Structure formats: C-alpha cells, structure tokens
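Shown next, in structure tokens, is the structure this report addresses.
The values are calculated or read from the model by the stated rules, or taken from the named source; none is laboratory data. Bear in mind that the values here come from a model prediction, so they are computed numbers and not experimental data. Positions of Cβ are backbone-derived with ideal geometry, glycine not excepted, and every protein chain shown enters the neighbour counts. Surface areas here come from the heavy atoms of the whole protein model, side chains and all, with no ligands, DNA or RNA. Shrake-Rupley method; radii C 1.70, N 1.55, O 1.52, S 1.80 Å.
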Amino acid sequence: MLLHDESVRNPGSYFAYAGYDRFYKFFNSQEFLGLEKTFSMMRLTDVSKCFSSIYSHTLAWAVKDIQHGKEHPLAVSFANDFDSLMQYSNYNETNGIPVGAEASRIFAEIILQSVDVAVLRRAKRAGLVHGSDFAIRRYIDDYAIFANKSETLDIVQRAISDGLLTFNLHLNEAKTHTITRPLQTRRSQIISGASPALHKFRESISEIDPASRLHKPRKVRDPESIVRTFANDIKVACTNGGAGYEDVSPYIIGSVSSTLEMLISGFPSAPAEVRKDAELYAKAFDTLLSALFYFFTVHATVTASYQVAKATILSVRFFKDNLGATAEHIFERVRILIQEVVTNPSLLSVAMTECVPIEMLNIILASTALPEVYRTNVQDVRRRVIDDENIDYFSIVSLLFYFGASDPDFILEVEDKLGKEFLPKAAPRRVSHDAHFLLDLIACPFLSKQFRRGCAQVLLKGLEISAAHYSNMLLIEIERFPWFVNWREIDLLNHLRKKELRAVY
C-alpha cells in the first residue's frame, strides 16, 4: 500500500503496512483475545535465518512452479527480473538476500505467501478447516499456530516445514514451543510485570490538565530518588519474571520518550502559572532524561539510541525556546548524561575491539543540539577512530558532522588517514560501502576542495568513467545535490524520526 498519510512527518518508508507493524502488537490485540477464546493451544516458531537462507532463483518457483523456473531461467519475467535485481544488490550472490531493505521484505513475502497457500491446501486435504480446527498468523518469518489438539498443531507445523523445504528453508526447532491457556508470550508476561512500575513512574511526573486534556508536569522534589525507586521496581519485576533488562528496556524507553513528548506538546495549552514555572518543567525533564539514559546504558541498542537521541534534542530545543531560566540546568544535565555514555566501560569495551558503536555515535550526535560550551568531550572516540586500522564510514561521517569546520586539525587527520588507507583501496563498483562513502566525502564542505576532487577521481575511475573529463563536473553536481548526508541543511531530529519510522519490521 503506497503511503499517502500526510500526518506522518518525515516518512522513512515508501510503504505503509496493513495490520501490525510489530509481531508483539498482535499479542496485545483484540484479534489475539478472540483466537484465545476459540483455541486453547498456541505454537510459536520461525524460519531459521530466513533472509540469509533465501535462494534468489526460488522466486520463480513461487510465482510459477519449480519446473517452469528451472526450465526458463533466462525468460523475461517479473520473477527473473526481480531475482536479477536482488543478485545485483548482493554482489551477484544467489544465496541470501540483503537484510533490512524493503525490497527484500517484498521478495520474501512472495515466497512465504506461496508457502501459506501450500499449507492451507495440505491442511484441507487432512480434513482440517482453517478458522475452526486451527488458525495461523504469520508476521514475516514468525508463525503462531492455534489449535485445540496437539496433533493438529503437529500436522500444521509439518505442513509449514514441508512448504518451506520446497524453497530450501527450514523452521528453527530451537525456537519452537507450545503454550496452553492462558496464552501469553514471555515478552507479554514480562511487560505486564513491568507495567505497574512504569505507570507509577509516569504518574509521579505528569498528569492530565482537566481543561485542555493534555499532559502537564507534576511537582518533582527529588529526581534522583524517583529514578532510583523506578529502577528498583523494574529490577524486582525482571527478577520475578526471570527476565533481563534486554526484555524490558525497549518498552520502557519508548514509554518514557512518549511521556516527554506529551509534556512538550501540552506546554502551549498548559495553564499560565504552569508555563511560567520553569523549575517545575526542569525537574520533570531531569527525571525523564535520567531514566531514559539509565535504561539505555544498561541495554544499549541502535533503535533505543534513536529514541534517546531524539528525546535529548527535543528537550534541549524545548528549553532553549520556551524556558530560558532553567535551560542551562538542562544543558548541563544532558552534557553529563551523554558524557557518562561516552565513557561507559561496557560500551567502550565494544568500541575498543571494533569500530565505535552506532549506539554511541547517535548519542554523541545528539549533543550537537547543545550550545558549544556544553558539547561532549569525545577526544577519546576521535583518537580511536583516527588510530583504528579499519575505515568505518559511520564513525568518520558522524565525527565530521560533529566537529564541522570548528576543528581544522581533525579535518587534516581525516584527510591524511583516508588518503593513505582508503582512497588507494576503494572499489566503488564492487563495494557499496566505498561508493556511499566517496559520494558523501565529495559533498562534505568541511573537507578541502583538493581532497574532495581526489575522491571524485577515485569514484569515476572505479566506475570506469573518465576522471579527467568529469571530476570537476561531478564535484559541482554533488555539491548542489548531496548524496546521503545533506551537510549544509541537515536536521538531525528529522533524520532520527526517519530512522524510527524506517524500522518497519
């Protein structure tokens, strides 16, 4: 379904997906409750290494049939054209398709829907009626099978397994398990256990104004005490549910971020005496940001870093624009929280062994919303990027954006490093990373024109295009129409919103 919803700001996708945009939302739906009333058992399973196991030629088998696909591999058809496209995007590999791209999801859906049809036909031959004897719900490569008899679950699971085997795919036996009423997944159970603590925390910080029906802050006396109590309550919930922070942190971060945004959206309609109370808002935001950074630090993920970075930028801009009296308190609090992430040993241990984690880079970039004097000290990260024997696109581009034109020494170090270690080895025709990197370097206004022209020459030579004739032309064109990073007009908040929306599965 093409996306025509104008209410979605900065859409990160060309598509909107009907139904549920996350599998866990199905388990919290009215549809799931209806299935539980009909069926007493549920079996959960998934396809083992789905995208990396898909053989691209099998698309023709799904669209037509195996015999036709094998006998007409070069025929002009939708299936063969789509197959070729996926191969080209994956360095001509036929085994596996790129993970994350929306085109890959469509490609996989064609194959898996063919399996769906085969499963329903086989169940019908076994005398089973979908909707009364059993039901199946599939979200990409995750299956939920419902029935009242374990024998029925076995029949349907074998049908799915055999249908997948046609396309050289397999169920993950290690992740296959059966639940009887009450039908509740482990994740749902853990979130249910954590919800009372989260509700108490949110209620201690915000309330709904009776006149506007929008959120306004409550009086917070001791932010540290509230966060400490909240963290302890979540620890108890995790211990009781046999869970770890990884099971609850995404849910908590999403909910706390939502509370922060509701306070911001409710500000214009709040009573005048509330809007004038800068300290009231400062303590509420201090509490929310402290909780966000705590649960991000104990379980840092890329998705969580988008939410925390977005909440950070929104908070800084909100106080800068509306509550100048306490803005410096929030700026300093944000600086300290970000600095704690940058120097955190658990993240540093990852950063020392590989490249700087994207989780850390997103948080560092959020500090660019702060006034210059409150910027995070990232010299250790900078040194690690420069000294690293590997060339990491995200680390270098992020730090170029972070320092901008304010640090000429860093620019010289980057140009020297890339000139010696990257440009001589770059293979833009073969390696997507190199092509993207070169195009963004060509557009970067902080780098010298001589260096950017050298990048243009490497790109053109790699694509077997005359560098002598077109390097200057390419430089001018990329300056006017940047590649991925729009260096001159970038709005980090919009980029983070796109990142959140782009996580469609």
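Quick notes
- Conditions (1) closer than 29 Å to E31 by Cβ; (2) over 25 Å from the mean Cα position of the chain (by Cα); (3) surrounded by fewer than 18 Cβ atoms within 10 Å (Cβ to Cβ): number failed by S114: (3)
- Subset tally (residues that are over 14 Å from A426 (Cβ atoms) and either open to solvent by less than 60 Å² (accessible area, probe 1.4 Å) or of a type in the set (D, E, K, R) (or both)) for the range 465-490: 15
- Test: G254 is under 30 Å from L33 (Cβ atoms), free of Cβ contacts under 8 Å to residues at least 24 places away in the same chain and surrounded by fewer than 20 Cβ atoms within 10 Å (Cβ to Cβ): no
- Once the range 61-78 is narrowed to residues that are open to solvent by 80 Å² or more (accessible area, probe 1.4 Å) and among the charged types (D, E, K, R), the residue that is farthest from the chain's Cα centre (by Cα) is E71.
- Residues (in contact (Cβ under 8 Å) with a residue 12 or more places away in the chain, assigned to a strand (DSSP E or B) and either more than 18 Å from K283 (Cα to Cα) or open to solvent by 40 Å² or more (accessible area, probe 1.4 Å) (or both)) located in the range 199-234: H215
- Qualifying residue in the range 131-151 (condition: touching a helix residue (DSSP H, G or I) at 6+ places or on another chain (Cβ under 8 Å) and assigned to a helix (DSSP H, G or I)): no
- Options L400, L438: the member that is modelled with pLDDT of 90 or more, within 16 Å of R488 (Cβ to Cβ) and assigned to a helix (DSSP H, G or I): L400
- Filter result for R335 (open to solvent by 30 Å² or more (accessible area, probe 1.4 Å), part of a helix (DSSP H, G or I) and within 25 Å of D440 (Cα to Cα)): no
- Scan of the range 178-198 for residues that are basic (K, R) and either loosely packed, with under 13 Cβ neighbours inside 10 Å or over 18 Å from E246 (Cβ atoms) (or both), ordered by number: R181
- Any pair with Cβ under 7 angstrom, 6 or more apart, that starts in the range 453-478 at a residue that is farther than 16 Å from G419 by Cα and ends at one that is outside any helix (DSSP H, G or I) and open to solvent by 80 Å² or more (accessible area, probe 1.4 Å): L463/R429
- For V504, the stated conditions hold: it is surrounded by fewer than 18 Cβ atoms within 10 Å (Cβ to Cβ), β-branched (V, I, T) and either in a helix (DSSP H, G or I) or at pLDDT below 90 (or both).
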